[in-house]
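In what follows, a single structure is set out as structure tokens and then discussed.
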Amino acid sequence: MGRSFIGLNWGHLYCCCHLVGQLGLDDPGWPHSHSWPLVLAAGAGQEVQTENVTVAEGGVAEITCRLHQYDGSIVVIQNPARQTLFFNGTRALKDERFQLEEFSPRRVRIRLSDARLEDEGGYFCQLYTEDTHHQIATLTVLVAPENPVVEVREQAVEGGEVELSCLVPRSRPAATLRWYRDRKELKGVSSSQENGKVWSVASTVRFRVDRKDDGGIIICEAQNQALPSGHSKQTQYVLDVQYSPTARIHASQAVVREGDTLVLTCAVTGNPRPNQIRWNRGNESLPERAEAVGETLTLPGLVSADNGTYTCEASNKHGHARALYVLVVYDPGAVVEAQTSVPYAIVGGILALLVFLIICVLVGMVWCSVRQKGSYLTHEASGLDEQGEAREAFLNGSDGHKRKEEFFI
């Protein structure tokens with residue numbers, strides 16, 4: 001519409017343009033608007049008042065003109081490009097997102113659905129009287145961030161560092177990015193770039209990893225004012241940490257006898273997981289009856305000749321693992337108690353202690369015996385003179401005594 005209606009003699013107007021931003025769902029946590037009342041005096045009994053509002057992209061806005069002492073004058077609502085949306089309740093612009101909700105002597109209200117960035121700007125509510133009166137309600141459209149995109153720079157390996165990047169390509173205002181690991185915030189480095197009316201935001205984080213971190217969860221969180229209070233967009237990234245393998249052999253039974261069937265299982269871990277398991281028996285070949293299939297080795301109909309040390313081996317590009325199992329096949333009638341690694345360790349320690357005590361006792365006995373023998377020899381040497389005299393007297397004979405032989409050794 002032009003301004004050709006200036007000069008028409010119509011009544012007083014109280015025109016209030018009220019723009020209400022709404023989300024698709026009525027969330028009580030959503031701050032629908034920030035209002036700044038604007039008042040313009042327009043003669044006796046006339047004033048124009050409006051409120052600015054902020055709405056999220058994709059939301060709904062209502063533009064309301066409140067009329068005071070309306071007498072049928074022409075009311076026009078225009079968009080920021082000054083295109084007439086409605087002329088006295090009649091649609092003037094073929095944009096179905098704008099709908100006339102109410103046209104009455106007190107109020108004109110239109111509804112804008114699916115708000116877009118291009119809808120942003122000042123909306124004019126105009127009354128054509130002797131003087132044209134209007135006021136502008138400014139619509140601000142915010143853009144909520146989508147779920148962040150998380151990527152890893154290069155494959156993580158145990159003992160090294162991993163670098164993750166988090167990207168939100170579109171938000172308004174620029175989103176704030178945060179990293180979390182085990183509910184603890186990680187310190188990242190953020191950067192942003194303006195692309196027209198929106199912002200692209202990125203953040204990177206680096207930290208050391210070990211094999212226990214494989215499968216851990218890292219969260220990148222994005223927030224800005226376009227989201228309801230307390231809400232955020234998150235993306236979880238599952239850590240993929242590669243590491244060298246480990247191997248351990250589990251036996252189907254603890255004690256095996258001749259004729260039994262034994263199944264050995266090689267429990268392997270590693271990332272990437274080893275795809276081939278090799279079974280061996282020391283420097284000898286596996287028994288002809290043995291069946292090796294992947295992680296299991298089956299030994300049916302055991303005999304004493306099957307005794308030996310069996311090994312399973314696994315490898316990946318980060319290392320090699322080997323596990324041992326000593327097989328002892330007992331006679332069918334032998335009484336054997338099943339042993340585990342823990343009792344063997346305890347018994348071994350006790351035996352070592354007993355051997356040590358016995359050695360100490362033997363050393364003490366030998367030392368004491370040596371000391372006693374030395375004392376005896378010393379005493380024997382000191383008594384030789386008296387003993388010699390006695391033997392000499394006996395050999396020479398003495399009156400009043402019986403003949404007697406004495407031997408000193």
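For the reader, a short list of remarks on this structure follows.
- Taking 23 Å as the limit for the C-alpha separation, the pairs Lys212/Lys317; Lys187/Lys317; Lys94/Lys197; Lys212/Lys233 exceed it in the case of Lys187/Lys317; Lys94/Lys197; Lys212/Lys233.
- Segments 271-282, 216-227 sorted - mean Cβ within 10 Å per residue, highest first: 216-227, 271-282
- Net charge dipole size for region 225-366 [Lys, Arg +1 and Asp, Glu -1 on Cβ; Debye, nearest 20]: 660
- For peptides 252-263, 71-82, sequence by mean Cβ density within 10 Å, most packed first: 71-82, 252-263
- Toward the positive end of the charge dipole of region 149-239, with +1 on the Cβ of Lys and Arg and -1 on the Cβ of Asp and Glu, the farthest Cα among Ser190, Ala226, Gln155 is that of Ala226.
- Region 245-330: Rg to Rh, with Rh as the Kirkwood radius over Cα pairs: 0.99
- The phi torsions of region 216-224, fed into the Karplus equation with coefficients 6.51, -1.76 and 1.60 and a -60° offset, translate into couplings of x, 9, 10, 10, 10, 10, 10, 9, 7 Hz, rounded to whole numbers, with Gly and Pro shown as x.
- Whole-Å semi-axes of region 48-191's equivalent ellipsoid (Cα gyration tensor): 49, 13, 11
- Comparing Cα centroids, region 149-198 and region 61-93 end up 46 angstrom apart.
- A Förster distance of 45 Å, applied to the separation of the beta-carbon atoms of Ile358 and His318, puts the FRET efficiency at 0.40.
- Most tightly packed first, judged by the mean number of other beta-carbon atoms within 10 Å of their residues, the peptides 193-203, 143-153, 126-136 read 126-136, 143-153, 193-203.
Every number in this text was worked out from the coordinates using simple rules, so none of it is lab data. For clarity, every value in this text was computed on a predicted model and none was experimentally measured. All Cβ positions, glycine included, derive from the backbone under ideal geometry; neighbour counts span all protein chains shown.
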